[in-house]
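Each value in this text was obtained by applying a stated rule to the coordinates, not by laboratory testing. Values in this document were obtained by computation on a predicted structure and should not be read as measured data. In this analysis, Cβ positions are derived from the backbone assuming ideal geometry, glycine residues included, and neighbour counts consider all displayed protein chains.
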Amino acid sequence: MNYSAVLNGGRGKTGERLLGAAVILPPVALVCTEYVYPFLMSVHSSLLKDGRFSAENYSYSLSVYGGDILFTAFVSALSLALVLALSVTIGGYLTLRRNRFLEFLFKVPLFIPFVVVGHAMRTFLAPKGLLNSLLSQIGVIDINHPPDFIYGAVGIVISLTWKQFSFALLLVMSSFESVDKSYLEAARTFGAGTCRQILNFLIPLTRSSIGVTAVLILTSFLQNFSVVMMMGNSGGSQHIMVDIYNTITYLNDLPLANALGVISYLLALGPAILYLKREMEKA
Amino acid sequence: MKKLLCALLAGSMLLSLAACSNAPSEASSAAAPAQNSSAGAPSQEEQKPVTLNFATGGDTNMSEFFNNEISPAFHEKYPNITVKVTATGAGDDGSRNIYTKWKAQKDAGKSEWDIDAGCVNQSVMKDLIDNGLIEKYVPDISNQKYVTTESSKFALGTDVEGYVVPLFTSQIVLGYNSKTVQTPPKSYDELESWIKANPKKFGYNGVTGGMSGVGFVAGWLYNKTKNYDTLVKGPYSADKTADWGKILKDLKSLPVTYTQGNAGTLDLLNRGEIDIGPVWVDMLLLWKSDGRMSPDVKMILPEPGMPGQPMYLVVGSGAQKDAAEKFCDFLADPAVQAKYVVGKYNWYPGIDSNAVFQESSQETKDLLFKEVTADELSKKALALPIDEYSKAMQKIYTETK
């Protein structure tokens, strides 16, 4: 037996393992100190009520803010569905029929911050905002009795969809372009139109990438603050991030705010688990 | 080569992590102005250069006020004192940042603090006094005879006499579109009837997003409960809030439009989407002068009144006391109040208003008191509830569906 070779090989592998650990240690330490530790502190705070351990903050959150939690899940899911439908349709079309100018136009919202989107939508879509003013000029609506439904779920969904559609388009198009062109050529040879190519080829072959896109977009919707703050309806259901802000600023009740924060973590946890599971299966 | 590269990468990551952990603490604090070498010890000699570190809560107009108007004027009077202004943010949070900074430095045993004086709102006064963070400096200043208003004595139930010079008083009123509302409601009861007769034409922001809505709801409670004195002076008693659930439920059942905050209400008034809404007087006048508000929007102060709130000038216990007191004294001067507080920024004076208005121009007085007279203000400018009742109001309003 070549003991030297074994020993040298063993030392080499240990050295590589140590080097690998040294490389990943700083980012892991960063994640632990900047995320895991604050998260644990947040959970700890959420279980405190008047200085003692209690789940009262959670029961209060569910009873008073339960409607808002459902509202958050609803607007996020609806916005996600619209984003995916639009990005897959338009992304598929632009993949099959290249149009750089249209592609650029659709990607413009990427460069616009959420807070600007919120303010722009607030004034553009307002009952007596720019859109309704233009529509009243051509007699579509009566400006003295304009439609008044924009603040709340409708406005939030429109704003979030418009903003994140371009991000989804970027991701979806890059995965569509990785599909082997020979499949699409073969499909066209057999008479498949654009719709058929998108539905039966592009989407099935890029399902995991679309899934990753969905997880990222949904998380961004669950954590959004500026758009939901500006387009929300103060008298109706609110996004959970607005409730957290109000609890901290106006009630100065940090344990309750932390309880709401933990609930929002749990809402995002589902998609995160799916994402990690898929990544580990791929690995 | 690969291993060497990995080793270098690991090393540089470790170094950058160590560097991040040694970042100056000011990077994580919203209220920390830069250190100044001359701020080490309180100045004992009049001509020794001093940098006074001043922090202000409130919106951007507050930092503009101190940076653009007050600091240069103060430096002209006291050439050896330079004022460095830091904005700590709007709302209760901004004032709480100042409290947090002072508390941290006191707990750390520091004798000289980073912030010498501050401009804070009422909500933080109890904590500042209870923790021994501010000086009782008003008896020592030359303009103390003008510091006579009710708000200079009490802040949401806390005795603040001697600790504060109110910089200004801002007042909530009802803004209304004079073109569509020929006869604005003169009381909360008339307003309630008007709202029912004109659905969705009254707008406010609830109890979140802006103090104009909070003040409106507080005024609603004062009108319905007739318990104003108890709610603003205390003591707190939970049984006084027993009927608030029904009162606020009735309020929430009215056909109103909910806005996104102070600016949201003003926006909707300007666009004609609502005809009446609670607004801050100074914001309305500022928007009008900026051309952002229709000149048809006017003000009315309904019976029994609406709250307003002052912003307070306070001096930290670890401050450069002499310079800080001079600064607050400067702002307690009726001539300074007339020129800057009232004249340029359209706030109501924080000190004796008679003394201030003697120094004010007729144009300024016309602008401020044309629609809501000084006499009306003296009778109907109310205070916000004490902290416990204020939090109870927010909680019950939120819980009421």
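Shape index of the protein assembly as shown: Rg/Rh, with Rg the Cα radius of gyration and Rh the Kirkwood radius from the inverse mean 1/r over Cα pairs, equals 1.03. Amide H contacts under 5 Å for B:Leu382: B:Met306, B:Gly308, restricted to partners 5 or more places along the chain or on a different chain, H placed in the peptide plane at 1.01 Å from N.
Can you give the % of DSSP beta bridges in chain B that are antiparallel, to the nearest 5? All intermediate terms of the calculation are to be shown ahead of the outcome.
On the way: 25 of 42 bridges.
Roughly 60 percent of the DSSP beta bridges within chain B come out antiparallel.
Have a look at the DSSP beta bridges in the protein assembly as shown and tell me what percent are antiparallel, nearest 5.
Beta bridges within the protein assembly as shown, antiparallel portion: roughly 60 percent.
In this structure the amide hydrogen of B:Thr86, modeled in the peptide plane, comes within under 5 Å of the amide hydrogens of B:Phe54, B:Ala55, B:Thr56, none closer than 5 places in sequence on its chain.
Legend: distances between Cα atoms for B:Lys249/B:Lys370; B:Lys77/B:Lys103; B:Lys201/B:Lys365; B:Lys106/B:Lys126; B:Lys153/B:Lys298; pairs beyond 24 Å are B:Lys249/B:Lys370; B:Lys77/B:Lys103; B:Lys201/B:Lys365; B:Lys153/B:Lys298.
Determine the dipole magnitude for chain B: charges of +1 sit on the beta-carbon of Lys and Arg, -1 on that of Asp and Glu, nothing else is charged, the reference point is the Cα centre, and the result goes in debye to the nearest 20. Once rounded to the nearest 20, the dipole reads 1240 debye. In the frame of its principal axes, region A:143-229 has Cα extents of 56, 32, 14 Å, reported largest first.
In terms of surrounding Cβ atoms within a 10 Å radius of their Cβ, A:His239, A:His145, A:His119 rank from fewest to most as A:His145, A:His119, A:His239. All other residues whose Cβ lies under 10 angstrom from that of B:Val336 are scored, Lys and Arg at +1 and Asp and Glu at -1, for a net of -2.
With N set to the number of residues, divide the alpha-carbon radius of gyration of region A:175-283 by 2.2 N^0.38 Å and report two decimals. Rg over 2.2 N^0.38 Å, computed on Cα atoms: 1.59. Sparsely packed loop sites in region A:8-115 (the trypsin sites (Lys or Arg not before Pro) outside DSSP H, G, I, E and B with at most 16 other Cβ atoms within 10 Å) comprise A:Arg97, A:Arg98.
In chain A, Cα pairs under 8 Å separated by at least six residues give a relative contact order of 29 percent. If you wrap region A:85-187 in the convex hull of its Cα atoms and look at it from every side, the mean projected area works out to 8.4 nm².
When chain A is treated as a Gaussian network with alpha carbon springs shorter than 10 Å, the biggest mean-square fluctuation among A:Val88, A:Val215, A:Val28 belongs to A:Val28.
Across chain B, the relative contact order, built from alpha-carbon pairs under 8 Å that are at least six residues apart, equals 23 percent. Among B:Asp333, B:Asp375, B:Asp250, the ranking by other beta carbons within 10 Å of each residue's beta carbon, starting with the fewest, stands as B:Asp375, B:Asp250, B:Asp333.
Return the ratio Rg/(2.2 N^0.38 Å) for chain B, where Rg is computed over Cα atoms only.
So chain B has a normalised radius of gyration of 1.10.
When the GluC sites (Glu not before Pro) in region B:105-191 are filtered for DSSP coil states and for at most 14 other beta-carbon atoms within 10 Å of their beta-carbon, the remaining sites are B:Glu112, B:Glu161.
Between A:Pro113, A:Pro26, A:Pro38, the GNM of chain A built on Cα springs shorter than 10 angstrom shows A:Pro26 fluctuating the most.
Compute the angle between helix B:2-21 and the longest alpha-carbon principal axis of chain B, please, reported from 0 to 90 degrees and rounded to the nearest 10. With rounding to tens, the tilt is 60 degrees.
Longer than 23 Å from Cα to Cα, which of A:Lys49/B:Lys101; B:Lys226/B:Lys395; B:Lys200/B:Lys233; A:Lys49/B:Lys395 are they? Say none if no pair is. All intermediate terms of the calculation are to be shown ahead of the outcome.
Values: A:Lys49/B:Lys101 25 Å; B:Lys226/B:Lys395 20 Å; B:Lys200/B:Lys233 35 Å; A:Lys49/B:Lys395 16 Å.
Listed pairs above 23 Å: A:Lys49/B:Lys101; B:Lys200/B:Lys233.
In angstrom, the C-alpha Rg and Dmax of region B:124-230 are 18.7, 55. Applying the criteria of a DSSP loop state and at most 15 other Cβ atoms within 10 Å to the chymotrypsin sites (Phe, Trp or Tyr not before Pro) of region A:186-223 yields A:Phe190. Centre-to-centre, using Cα atoms only, region A:204-242 and region B:185-204 are separated by 36 Å. Think of it as helices only: each DSSP H run of n ≥ 4 in the protein assembly as shown is worth -39500 (n - 2.57), and spread over all residues that comes to -17000 deg cm²/dmol at 222 nm. Neighbour counts of other Cβ atoms within 10 Å put A:Phe124, B:Phe202, B:Phe327, A:Phe53 in the fewest-to-most order A:Phe53, A:Phe124, B:Phe202, B:Phe327. The ellipsoid equivalent to the alpha-carbon distribution of region A:159-199 has semi-axes of 27, 12, 4 angstrom, derived from the gyration tensor eigenvalues as √(5λ) and listed largest first. Viscosity 1.002 mPa s, temperature 20 °C: Stokes-Einstein D of chain A from its Kirkwood Cα radius, in µm² per second? Approximately 95 µm²/s, per Stokes-Einstein. What the Kirkwood sum gives for region B:36-156 is a hydrodynamic radius of 15.7 Å, with every pair of different alpha carbons counted.
Once the C-beta distance of A:Leu276 and A:Arg17 is scaled by a Förster radius of 22 Å, the resulting FRET efficiency is 0.40 to the nearest 0.05. For chain B, the longest principal axis of the alpha carbon atoms and the long axis of helix B:211-225 meet at an angle near 50°.
Charge dipole (Cα centre; +1 on Lys/Arg Cβ, -1 on Asp/Glu Cβ; no other charges) of region B:89-142 amounts to roughly 100 debye.
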